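Inspection log for the structure reproduced underneath, given as structure tokens.
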Ligand SMILES: [Fe+2]
Ligand SMILES: [Fe+2]
């Protein structure tokens with residue numbers, strides 16, 4: 001892929017997102033949040049890509065995937081006023097449809113279209129399916145790291161300041177009930193990513209997001225997360241009981257071992 005192709009897709013993206021605005025302040029805040037998120041995922045891609053000397057063409061493929069990975073969020077927010085993915089509204093499917101209908105990748109080679117489409121499709125899946133193509137797998141994992149690093153940045157800031165700036169969309173409309181689901185703590189103690197379906201309250205949500213560290217694949221990702229203190233910041237907003245402290249310790253030790 002060449003830079004000119006990326007720039008054309010970026011021009012399409014800028015026009016597409018400029019059409020989304022809402023009189024509803026709550027929705028507008030989240031539209032802006034997704035725009036900023038997409039830009040920062042691109043920055044993360046560059047940082048991770050440079051750290052492993054990724055080839056220019058692969059970097060451009062990933063920048064394109066980063067630009068488009070959450071393109072479905074805009075339509076989802078406008079139509080459903082929610083980030084909740086379900087049968088009637090899934091940001092990945094909406095995004096893939098937009099990319100297809102608007103022929104966003106029309107000028108690219110078939111192999112590049114497939115790679116970008118696969119990255120978008122799999123960026124948010126809890127557990128990756130088996131992928132034989134190691135090159136494709138590496139790119140998908142880079143996008144997943146880059147995306148999750150920025151989500152951790154967003155939610156760590158959000159949980160810290162949510163009393164002043166509540167955003168029910170970032171709470172995924174979950175309740176602030178006490179305790180942690182047993183399945184979530186079991187997953188974390190086994191160094192696994194916690195399953196989305198096991199999330200029952202905001203504590204579970206926070207811990208499931210923290211558990212992404214077990215699925216990060218790039219050394220640089222751990223450095224960024226540690227240096228910015230995202231996991232620690234989320235931990236500070238959780239109830240300090242033995243279960244939570246043990247889970248945090250497990251994640252902390254795991255991360256230290258990756259540095
Ligand atoms: Fe996403
Ligand atoms: Fe994202």
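The values are calculated or read from the model by the stated rules, or taken from the named source; none is laboratory data. Here the structure is a predicted model, which is why all the values come from computation and not from measurement. Note that each Cβ is placed from the backbone with ideal geometry, even for glycine, and that neighbours are counted across all protein chains shown.
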Which numbered condition residue 195 fails, given (1) surrounded by 13 or more Cβ atoms within 10 Å (Cβ to Cβ); (2) closer than 16 Å to residue 240 by Cα: (2)
Top-ranked residue in the range 112-129 [being surrounded by fewer than 16 Cβ atoms within 10 Å (Cβ to Cβ) and at pLDDT below 95; ranked as nearest to ligand 1 (Cβ to nearest atom)]: 125
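Only one of these is part of a helix (DSSP H, G or I) and more than 16 Å from ligand 2 (Cβ to nearest atom): 99, 114. Name it. Walk me through it before giving the result.
Working: 99 fails: more than 16 Å from ligand 2 (Cβ to nearest atom).
Only one candidate passes the filter, namely 114.
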In the range 139-180, residue surrounded by the most Cβ atoms within 10 Å (Cβ to Cβ) [restricted to those that are touching a residue at least 60 places away in the same chain (Cβ under 8 Å), away from ligand 2 (no atom under 16 Å from the Cβ) and not in a loop (DSSP other than H, G, I, E, B)]: 159
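Mind checking which helices (runs of 4 or more DSSP H) fall wholly inside the range 1-70 and carry at least 3 residues that are in contact (Cβ under 8 Å) with a residue 40 or more places away in the chain and farther than 18 Å from residue 142 by Cβ? Working first, answer last.
On the way: elements: 3-18, 25-51, 56-68.
The helices (runs of 4 or more DSSP H) meeting that bar are 3-18, 25-51.
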Cβ pairs under 7 Å, 6+ apart, first in the range 89-111 and under 19 Å from residue 124 (Cα atoms), second within 16 Å of ligand 2 (Cβ to nearest atom) and not in a helix (DSSP H, G or I): 91/70; 91/85; 92/124; 95/70; 95/71; 98/71; 99/71
